[in-house]
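Enquirer: Pasting in a structure now, in structure tokens, and then I'll have a few things to ask.
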Amino acid sequence: MSSTIDSDPAHAAPVAASDRRHRAWLRCIEGCPTTLPLDSTIYRCPTCDGLLEVAHDLDALRLRSPAAWMKLFDDRYKRTLWPYGSGVWGKKEWVAPEVEDQNVVSLDEGGTNLFWAERYGRKLGLSDLWVKQCGNSHTGSFKDLGMTVLVSVVNQLIRQGTHPIHAVVCASTGDTSASLAAYCAVAGIPAVVLLPRGKISTAQMVQPLANGAMVLALDTDFDGCMEIVQRLAEEPGIYLANSMNPLRLEGQKTIAIEIVQQFDWEVPDWVVIPGGNLGNVSALGAGLLMMQELGLIGKLPRIAVAQAAAANPLYRSYLKGFEGGLRPVVAGATQATAIRIGNPVSYPRAVRTLQRFNGVVEQATEDELAQAAARADLAGLFTDPHTGVALAVLEKLVANRTIQPGERVIVISTANGLKFPEFKIKYHEGALAGVRPLLVNRPVELPPDYDAVRKAVFDR
Ligand SMILES: *Cc1c(COP(=O)(O)O)cnc(C)c1O
Ligand SMILES: [Zn+2]
């Protein structure tokens, strides 16, 4: 963990930008004049209580040409020079320029493959469908992209010794806690996670336990955990790791940059993304807008947010043209447990993103998400229920001609299917509530007898 920025050959190249320090800070999304340093331990605007976002010194970033940025990012992509081979830290100047290399806590996040969903897409009548496999990551979800940034900033704060930090805390529907626990374990920072008892998968429960986090299982839902954790984060020495904290979104923003980069800097027509607390869709939008502002891309894709019908406050608000703002709902049971959220913190960010990207919101029932997941699995994927929600929504948008057959579509797969074995097992056992399984595949149990095996194979 010792390479310095000067040892990066791309960095050492004679570019004017190297003279001007890249800077980022926090500001209120409602436009208050307040600004705060990137490493503040405040998560809402002190003036209006609005959400905060990270702002970058775009003039400094403009000193490097769009072509030079693209070359720099391409030169670093998945290479070995630490930490620039990470999909997040390869874009460090755009993410968190003031974190020093030796303070970065990275597990080589990002750089995930784009799966060309050729057979599945063809069934839907799409020829250019891709699934961005964000779940192929250290802890099995896209949450690693944001957590590396947050934990690196905390690590820098601790090493500088200016703010005492005793623990990093989060409320979670499972994946955030797994990611926080892993990154904190790497850095030796205590982590505390609040989970809704009995509402997450076994794998998600085991991850933070294995990584030594303090796991508090509360008899409530995610929204109940979120209320408590926000209060806890007001205590001295407690740092908040939820996506209300805009540092997470800066890392997640690189999903947008990476997708465009993987298409040789071409912009797709559509991005479909599952949404719960709505930080990730906002991050996706922020990454695209930053590329546009810095001249790397000339157009924007449309964005579709996919929600589970059991937890659909954004969908309901969208149907009313976002008039009257967010009406929180009590989120019902869904296989898509990571998006079982009734009162999404980043709602105001998501509405802005949807308005900017000519976006749509659609929902999927339990039956729809499970069938879509099973259909995609038959074409080689291993779909988690949240990606199932996104695929079901994709199918609806194709069916109602919102998405046209020739358009290039990217579906953001947010987690690895291996984290949700109960979902898969129960589907194929026909035991999922509200689901009429059409694509069941069961093991054929046989005695260890050649003729019985031969007969079974040839019968099929
Ligand atoms: C966190 C999460 C989401 C939702 O992301 P938000 O930023 O909360 O909208 C979707 N899918 C999975 C698997 C997640 O872990
Ligand atoms: Zn404000």
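Enquirer: Name the long-range amide H neighbours of residue 271: under 5 Å, sequence gap of 5 or more, or other chain; modelled H, no Pro or chain starts.
Expert: Result for residue 271 returns 302, 303, 304, 410.
Enquirer: Next question. Can you pull the percent of the range 23-104's accessible area that's carbon plus sulfur, 1.4 Å probe, other chains left in place?
Expert: The C+S portion of the solvent-accessible surface of the range 23-104 is 52 percent.
Enquirer: Of the options 298, 308, 216, report the single residue whose Cα projects farthest towards the positive end of the charge dipole of the range 181-320 (beta-carbon charges: Lys, Arg +1; Asp, Glu -1).
Expert: 308
Enquirer: What residue among 260, 180, 191 has its Cα farthest toward the positive end of the dipole of the range 152-267, where the charges are +1 on Lys, Arg and -1 on Asp, Glu, each on the Cβ?
Expert: Comparing the listed Cα positions along the dipole, 191 ranks first.
Enquirer: Can I ask one more? How big is the charge dipole of the chain about its Cα centre, in debye rounded to the nearest 20, if each Lys and Arg gets +1 on its Cβ and each Asp and Glu gets -1 on its Cβ?
Expert: 720
Enquirer: Follow-up question, since we're still on this one. Below 8 Å between Cα atoms, with a sequence gap of 6+, how large is the relative contact order for the range 139-287 in percent?
Expert: 26
Enquirer: If packing is taken as the mean number of other Cβ atoms within 10 Å per residue, what is the order of 152-163, 441-452, highest first?
Expert: Listed from highest to lowest mean packing, they are 152-163, 441-452.
Enquirer: Within the chain, what percent of beta bridges assigned by DSSP are antiparallel, to the nearest 5?
Expert: Antiparallel bridges make up about 30 percent of those DSSP assigns within the chain.
Enquirer: For residue 327 and residue 402 in the same chain, what is the full-extension length gain: residue separation times 0.36 nm, less their Cα-Cα distance, in nm?
Expert: Value of the extension gain: 24.4 nm.
Enquirer: Here is a follow-up. For residue 451 and residue 44, compute 0.36 nm times the residue count separating them, minus their Cα-Cα distance, and round to one decimal in nm.
Expert: Between residue 451 and residue 44, full extension yields an extra 139.6 nm.
Enquirer: Now a separate question. Can you give the FRET efficiency for residue 219 and residue 102, using 1/(1 + (r/R0)^6), R0 = 41 Å, r = Cβ-Cβ distance, to the nearest 0.05?
Expert: Efficiency, rounded to the nearest 0.05: 0.45.
Enquirer: Is the range 305-417 best put as rounded, prolate or oblate by its Cα gyration tensor, with a ≥ b ≥ c the root eigenvalues, rounded for a/c under 1.5, and otherwise prolate when a/b is larger than b/c, oblate when not?
Expert: Verdict is oblate for the range 305-417.
Enquirer: Using the crude model of +1 on Lys and Arg Cβ and -1 on Asp and Glu Cβ, and no other charge, please compute the dipole size for the range 246-401 relative to its Cα centre, in debye to 20.
Expert: That gives a dipole near 580 debye.
Enquirer: How far, in nm, would the chain grow between residue 460 and residue 62 when pulled straight, counting 0.36 nm per residue and subtracting the alpha carbon separation?
Expert: 137.0 nm
Enquirer: For the range 88-214, what proportion of DSSP beta bridges, expressed in % and rounded to the nearest 5, is antiparallel?
Expert: The answer is about 40 percent antiparallel.
Enquirer: What does the accessible area per residue of the chain come to in Å², with a 1.4 Å probe and no ligands, DNA or RNA counted?
Expert: I get 41 Å² per residue for this part.
Enquirer: Could you please report the charge total around residue 270, scoring K, R as +1 and D, E as -1 over all other residues with beta-carbon less than 11 angstrom from its beta-carbon?
Expert: Around residue 270, the charge tally is -1.
Enquirer: What's the FRET efficiency of residue 352 with residue 234 using the Cβ-Cβ distance as r and R₀ = 25 Å, to the nearest 0.05?
Expert: 0.40
Enquirer: So how far apart, in nm, are the two label points at residue 55 and residue 32 if each is 7 Å from Cα heading toward Cβ?
Expert: 1.3
Enquirer: For 384, 223, 74, 108, give me the order by solvent-accessible area with a 1.4 Å probe, most accessible first, ignoring ligands, DNA and RNA.
Expert: 108, 74, 223, 384
Enquirer: Kindly state, to the nearest 0.05, the FRET efficiency for residue 433 paired with residue 116, given R0 = 30 Å and r defined as their beta-carbon distance.
Expert: Efficiency for this residue pair is about 0.35.
The values are calculated or read from the model by the stated rules, or taken from the named source; none is laboratory data. Not measured: the values here are computed from a predicted model. Cβ: placed from backbone, ideal geometry, glycine included. Neighbour counts: every protein chain shown. Side chains included, ligands, DNA and RNA excluded: accessible areas come from the protein's heavy atoms. Shrake-Rupley method; radii C 1.70, N 1.55, O 1.52, S 1.80 Å.
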